[in-house]
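Visitor: Following this message is one structure expressed as structure tokens.
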């Protein structure tokens, strides 16, 4: 059975991996909508955890938190993921169904796939 992954909004950490995020279970295609983002954790949580002392020692803690958050948020996004983090293409939401239908038509039929190379998409032990 061919598998496809479409990242439509946010995918963080282990939840993203278990839900076939990116290249985890070797899907035939990984698509993302323009405003999708994937990361180990949410930017706000990562900044709070990593830069806690820096924020506390700042003269304006809320301003420093906002500055750090916006700096790291600029580094996220579907286009960054397509640059080398497991996303094949960034498409408009209205293009999702046609793109998947087009790809299904190009894939070899299941019977032919089984005779050439058996494919399995099992859930790996975590």
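All of the numbers you see were taken from the coordinates with simple rules; none came from a lab. All values derive from a computational prediction rather than experimental measurement. All Cβ positions, glycine included, derive from the backbone under ideal geometry; neighbour counts span all protein chains shown.
Visitor: When you go through 40, 47, 30, 6 one by one, which is the residue that is within 11 Å of the chain's Cα centre (by Cα) and more than 29 Å from residue 98 (Cα to Cα)?
Guide: 40
Visitor: Confirm whether residue 40 is under 19 Å from residue 71 (Cβ atoms) and either free of Cβ contacts under 8 Å to residues at least 12 places away in the same chain or surrounded by fewer than 17 Cβ atoms within 10 Å (Cβ to Cβ) (or both).
Guide: For residue 40, the condition - under 19 Å from residue 71 (Cβ atoms) and either free of Cβ contacts under 8 Å to residues at least 12 places away in the same chain or surrounded by fewer than 17 Cβ atoms within 10 Å (Cβ to Cβ) (or both) - is met.
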